[in-house]
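Below is one structure, written out as structure tokens, with a few remarks after it.
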Amino acid sequence: MSHYLPIFGKRHYVPLLLVLAVYLGSLLFASYKGGPVGAVADTTYAGSLACRACHRAIYDSFVTTAHNRASSLASAETIAGHLDAGRNTFKFNQLSSVLLGADSGVFFQAAYLGGAEYKRAPIDIVVGSGRKGQTYLYWRDNVLLQDPISYYTPADCWCNSPGYPKNGPYFDRVTNARCLECHASYATALDGSTNDIAYFQKSSVLYGINCERCHGPSEAHVLFHTAHPDEKASRLILTKNDMTRQQKLDVCGLCHSGIRVSVKPPFSFVAGGRLSDYSAVKYDPDSAALLDVHGNQYGLLTSSKCFMNSQMTCSSCHNVHQTEIAQPRIYSARCMACHNPSSHNECTVREVPGLVLSNNCIDCHMPLLPSKAIYLQLENSRLSTPDFVRTHRVAIYPKVSSEFLRKLAKASR
């Protein structure tokens, strides 16, 4: 470098590179035309924290959401389950159990048989926000495996990880690439990776579903606006208004359309791309109404009349920048925007004591239903408990609605 640019000393290299990066970002900005776009060409990630300087209110709200907490490094703060003595053991039966704890700052799950430890694995990564539950992963070289014990929030207890043997712990389940792709924002896949066995560069993982999963990699955007602080129009980044309806749906469909068959390496898809170019669904869209409620909310939504007779997208109902869990009135207000007296498309349910339609459309038309795919085994039990998930097939559910109205009338007496 000094041979070609003798006027620059080593201390000048970093400022020079920054100037060059800003200059290149300006060139990209000059060529940006707006409107519907393809996948973002620049795939350099800046991380969500870089967004906070300009978007503080949105950032501070978003970091509290389940999306942002979809994965994280293991810590006492991120592990939702109890690690204190007396609550940190899962018992399969009288002989077999797993102890969860920490040793010199390393979190672990240790298997015991007849009171003697015979296997141990670390807890390196937490998967899940803890709203419904969590599971835990550990590294074996550059491969991620799943720990045997997970956490189930509704019962506030440890449980056997779904699909695992019922008689004792299993430590050798490899986590496929799709799992990390839907619970993290980016990771560099190493040579030899397949969808079934993926080798990742550990230091490259961006944990959680961050801003860049929906808006695209943001380094060029950050560099440009840092150099042009007075520019108010958002440049070199995707906004909702830049994308077509299908592009918006594809961003959500990456993780909310069930099991997909990848045709390109993990984390190849970025916002603005066409999802079908990167992976294919494993179901017949004509049978979407029969899909299990766990995992394929996209398929269920697209089978709904509400979806087919409108231009709605996932963001018509969901504000992903805010935590809106367990607030049916918020979602009901969004339903009422279309289903109201002036549209002649309102709910015709008979009046019952205590019923205020604007308070809760959801429990009748998008009820919690048991998953046929995810069952949880709780401690000392050979029985399995299904996971309940809110279906995204908007429809009339007569039995569910009748029970909802009966309970409502009883509570109002």
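Any read-out appearing in this document is the output of simple, stated calculations on the displayed coordinates, not a laboratory observation. Keep in mind it's a predicted model, so treat the numbers as computed, not measured. All Cβ positions, even for glycine, are placed from backbone atoms using ideal geometry, and neighbour counts span all protein chains on display.
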- Item | helices (runs of 4 or more DSSP H) within the stretch 209-298 that include 1 or more residues among the acidic types (Asp, Glu) and in contact (Cβ under 8 Å) with a residue 40 or more places away in the chain | 211-215, 219-227
- If a residue has to be over 27 Å from the mean Cα position of the chain (by Cα), surrounded by 15 or more Cβ atoms within 10 Å (Cβ to Cβ) and over 23 Å from ALA409 (Cβ atoms) to count, how many in the stretch 308-353 make the cut? 0
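To keep it simple, each residue is scored yes or no on (1) closer than 25 Å to TYR45 by Cβ; (2) assigned to a strand (DSSP E or B); (3) among the hydroxyl-bearing types (Ser, Thr, Tyr).
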residue	(1), (2), (3)
SER129	yes, no, yes
TYR151	no, yes, yes
CYS159	no, yes, no
PRO162	no, no, no
GLY168	no, no, no
CYS179	yes, no, no
GLY192	yes, no, no
- Message: So, in the stretch 138-149, how many residues would count as being touching a residue at least 24 places away in the same chain (Cβ under 8 Å) and either closer than 18 Å to GLY101 by Cβ or buried (at least 20 other Cβ atoms within 10 Å of the Cβ) (or both)?
- Response: 5
- Message: When the residues of the stretch 101-114 are narrowed to those that are of a type in the set (Gly, Ala, Ser) and either in contact with a strand residue (DSSP E or B) (Cβ under 9 Å, 6 or more places away or on another chain) or touching a residue at least 40 places away in the same chain (Cβ under 8 Å) (or both), which ends up farthest from VAL143 (Cα to Cα)?
- Response: GLY114
- Query: Is the stretch 357-367 home to any residue that is under 13 Å from SER257 (Cβ atoms), in contact (Cβ under 8 Å) with a residue 24 or more places away in the chain and under 25 Å from the mean Cα position of the chain (by Cα)?
  - Reply: no
- Item | Boolean, VAL389 is buried (at least 17 other Cβ atoms within 10 Å of the Cβ) and closer than 30 Å to ARG87 by Cα | yes
- Task: Return yes when ILE197 is closer than 22 Å to THR323 by Cα and part of a loop (DSSP other than H, G, I, E, B) and no when it is not.
- Result: no
- Item | Subset of the stretch 189-243 that is on the phi > 0 side of the Ramachandran plot and under 21 Å from the mean Cα position of the chain (by Cα) - its residue that is surrounded by the most Cβ atoms within 10 Å (Cβ to Cβ) | GLY216
